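Report on the following structure.
Throughout, read-outs are computed from the coordinates displayed, never taken from laboratory work. Since we're looking at a predicted model, the values are computed, not measured. Note that each Cβ is placed from the backbone with ideal geometry, even for glycine, and that neighbours are counted across all protein chains shown.
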Amino acid sequence: MIKLFSGPLSLFGTKAVIAAVEKGLEFELVMVPFNADDRYEPKHPEVLRINPKRQVPVLINDDLEIYDSTQIFEYLETLCPEPALWPKDVNTGATARLLEHQADEVYFPHVLQLMMLEHDIDGPEASAARDAAERYYQQMEVQLADQDYLAGSYSYADIAFYMAQLFGERKTALLTTATPGLLRWRDTMTQRKAVREGVAPLINHLRVSGRPVPEFLL
Ligand SMILES: N[C@@H](CCC(=O)N[C@@H](CS)C(=O)NCC(=O)O)C(=O)O
């Protein structure tokens, strides 16, 4: 059986969990140690052995051992082609892959910056990061102008941006009525069974550690 290593508050691990549930795969979810003080220490020995970057998610399926949420998306799509989570049209598929990459590498760095500026969340640097996130929201709003999902049909691009934005919401880069399409899209995403299942451990971890749960998840 597939083994998937994630963390209770792992954005990237939850991406992989949502995708595996969407594919209807049976898998064992292993939560690595994580808490507010020690963060991701001590590292799980399997994560240390498999991922030179020492991060989750990591996936094991018999003799296959891979890491990185985007690599895991690609593997799951080949392993289990239906339901398709990359659009089949060549150009739309490329757009979806780019949007998935952008969620992690263009949008999320603004959120990371907000995480590091929690001590000065009203200061100029944090405001600039929020403004950059807001500009990204406007771009995604345009993307949703004539379609329900970011790349037409529901795809890995939606899973990646949903998870990154969830962390944005936690760190003051809020979605507002300035982007009504994006608000609707987020509600649709939140109602998906696989998304609810994927984020359940995260909501639980926020609750037990006494941290606020974003309102849209309640
Ligand atoms: N690009 C990687 C990022 C993975 C990542 O940043 N994982 C975090 C948890 S969400 C982690 O394991 N951090 C612990 C560490 O870096 O020591 C992916 O998409 O999987």
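Of these, Phe27, Phe34, which one is near the ligand (Cβ under 9 Å from one of its atoms) and surrounded by 17 or more Cβ atoms within 10 Å (Cβ to Cβ)?
Step by step, each of Phe27, Phe34 is checked, and only Phe34 is near the ligand (Cβ under 9 Å from one of its atoms) and surrounded by 17 or more Cβ atoms within 10 Å (Cβ to Cβ).
Anything in region 1-24 that is within 14 Å of the ligand (Cβ to nearest atom) and not aliphatic (A, V, I, L, M)? List them, or say none.
Residues satisfying the conditions are Phe5, Ser6, Gly7, Pro8, Ser10, Phe12, Gly13, Thr14, Lys15.
For region 43-100, how many residues meet the condition of being farther than 26 Å from Glu26 by Cβ, in contact (Cβ under 8 Å) with a residue 40 or more places away in the chain and within 14 Å of the ligand (Cβ to nearest atom)?
Going through region 43-100 one residue at a time, the tally reaches 1.
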